[in-house]
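Below is one structure; the comments refer to it alone.
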Amino acid sequence: MKKDIVLNPFIKWAGGKTQLIDEIRLRLPKDIKRYFEPFVGGGAVLFSLKHKKSFINDINSQLINTYNSIKNEAEQLISLVNTFDSVGCNNEYYLFLKNLYNKKVTENVFDVESASLFIWINKHCFNGLYRVNTSGLFNVPYNNKTGINSIDEDNIKNISKFLKKVEISNLDFEIFCKRVRKGDFVYFDSPYVPVSETSYFTSYTRTGFSLDDHKRLAKLFKKLSKKGVYLMLSNNDVELVHELYGDYNIDVIDVKRNINSKADKRTGREVIITNYERF
Ligand SMILES: C[S@@+](CC[C@H](N)C(=O)[O-])C[C@H]1O[C@@H](n2cnc3c(N)ncnc32)[C@H](O)[C@@H]1O
């Protein structure tokens, strides 16, 4: 993929790393053999790096189906999203397509239509939030926007080309990381440890990300570090994170938060942790 082609995330995603990209790029290892992203989400880092040997993963099956559809069926996906866009949107239409999407989720259908609905809904739901109820059904209300262009066709085509060489998985992060070897680079961007109880974001998927998961991740970090893997991890600047990663380099960074309904909670501090010195 040519260096000058810009790839942008095709969805808005909670915890999207677009605003942290420069800080992340500043701290990359000098030489990356293979790039692994176990919690890819909207892929802001993946698309910024465009590394030719990339391996991505996320536990959200509909999200991963969307990556696979862009990789293998981009033309059909573009055409379907454009068809959904050709009808002027209102609440009734939004609910109709949301129900269609949820029917597919219930029936475990992973196809290009599910992927197209996934993208369309992301552009038409409140704050681009992906939230599901206990049955795994998407339950975010309409954002009241009309006449939105839900897809940037050139961007999708360029992403499709890039993804042809990317390996895409839908696993738990620990299983996904079993193939990581010495000299590889892994960027971990798990759901964050909450700043306060109320801000805990457990609804990315049906399972959420528990305290045990954070401990499991810290253990994996230690194990991979001993193996000689280059590691980077981002999280909130909270005590637990400092406790779990006290043996490594921790840089604290001021950020603006995107997905939060309360304006007064839109700023915060995050950390970027590495197991190597800055190059
Ligand atoms: C903070 S988001 C990643 C944001 C991403 N870096 C971006 O720029 O959009 C965390 C992601 O972890 C995924 N996830 C949660 N639990 C997981 C698990 N056990 N294994 C793999 N992925 C998981 C969620 O589905 C979500 O997409």
### Task
Would you check if there is a residue in segment 267-278 being modelled with pLDDT under 90 and more than 30 Å from residue 53 (Cα to Cα)?
yes
### Task
With the condition kept exactly as written, say whether any residue in segment 251-260 is crowded, with 21+ Cβ neighbours inside 10 Å and either within 16 Å of the ligand (Cβ to nearest atom) or at pLDDT below 95 (or both).
no
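From the list 45, 6, 81, pick out the single residue that is at negative phi and either hydroxyl-bearing (Ser, Thr, Tyr) or in the same structural domain as residue 123 (by TED's automatic domain parsing) (or both).
Details: 45 fails: either hydroxyl-bearing (Ser, Thr, Tyr) or in the same structural domain as residue 123 (by TED's automatic domain parsing) (or both); 6 fails: either hydroxyl-bearing (Ser, Thr, Tyr) or in the same structural domain as residue 123 (by TED's automatic domain parsing) (or both).
Of the residues listed, the single one that is at negative phi and either hydroxyl-bearing (Ser, Thr, Tyr) or in the same structural domain as residue 123 (by TED's automatic domain parsing) (or both) is 81.
Every residue, every condition in (1) β-branched (Val, Ile, Thr); (2) more than 20 Å from residue 90 (Cα to Cα); (3) in contact with a Phe, Trp or Tyr (Cβ under 8 Å, 6 or more places away or on another chain); (4) in the same structural domain as residue 55 (by TED's automatic domain parsing), yes or no:
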{"site": "134", "(1), (2), (3), (4)": "yes, yes, no, no"}
{"site": "145", "(1), (2), (3), (4)": "no, no, no, no"}
{"site": "150", "(1), (2), (3), (4)": "no, no, yes, no"}
{"site": "155", "(1), (2), (3), (4)": "no, yes, yes, no"}
{"site": "167", "(1), (2), (3), (4)": "no, yes, yes, no"}
{"site": "180", "(1), (2), (3), (4)": "yes, yes, yes, yes"}
{"site": "183", "(1), (2), (3), (4)": "no, yes, yes, yes"}
{"site": "186", "(1), (2), (3), (4)": "yes, yes, yes, yes"}
### Message
So in segment 35-51, with the set limited to residues that are touching a strand residue (DSSP E or B) at 6+ places or on another chain (Cβ under 8 Å) and in a helix (DSSP H, G or I), which one is surrounded by the fewest Cβ atoms within 10 Å (Cβ to Cβ)?
### Response
49
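Condition (residue is closer than 30 Å to residue 228 by Cβ, modelled with pLDDT of 95 or more and in contact with a Leu (Cβ under 8 Å, 6 or more places away or on another chain)) applied to segment 152-163: is it met by at least one residue?
Filtering segment 152-163 down to residues closer than 30 Å to residue 228 by Cβ leaves 162-163.
From what's left, modelled with pLDDT of 95 or more: 162-163.
Checking which are in contact with a Leu (Cβ under 8 Å, 6 or more places away or on another chain) leaves us with 162.
Yes, some residue in segment 152-163 is closer than 30 Å to residue 228 by Cβ, modelled with pLDDT of 95 or more and in contact with a Leu (Cβ under 8 Å, 6 or more places away or on another chain).
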### Query
So residue 54 fits all but one of (1) in contact (Cβ under 8 Å) with a residue 24 or more places away in the chain; (2) small (Gly, Ala, Ser); (3) loosely packed, with under 14 Cβ neighbours inside 10 Å; what number is the exception?
(3)
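Out of the residues in segment 95-153 that are in a loop (DSSP other than H, G, I, E, B) and charged (D, E, K, R), state the one that is surrounded by the most Cβ atoms within 10 Å (Cβ to Cβ). First the steps, then the outcome.
As a first pass, look at segment 95-153 and keep what is in a loop (DSSP other than H, G, I, E, B): 107-111, 129-131, 133-137, 139-141, 143-152.
Those left that are additionally charged (D, E, K, R): 107, 111, 131, 145, 152.
Working: 107: 9, 111: 13, 131: 15, 145: 12, 152: 13.
Among them, the one singled out is 131.
The values are calculated or read from the model by the stated rules, or taken from the named source; none is laboratory data. Keep in mind that what you see is a predicted model, and the values were worked out from it rather than measured. Positions of Cβ are backbone-derived with ideal geometry, glycine not excepted, and every protein chain shown enters the neighbour counts.
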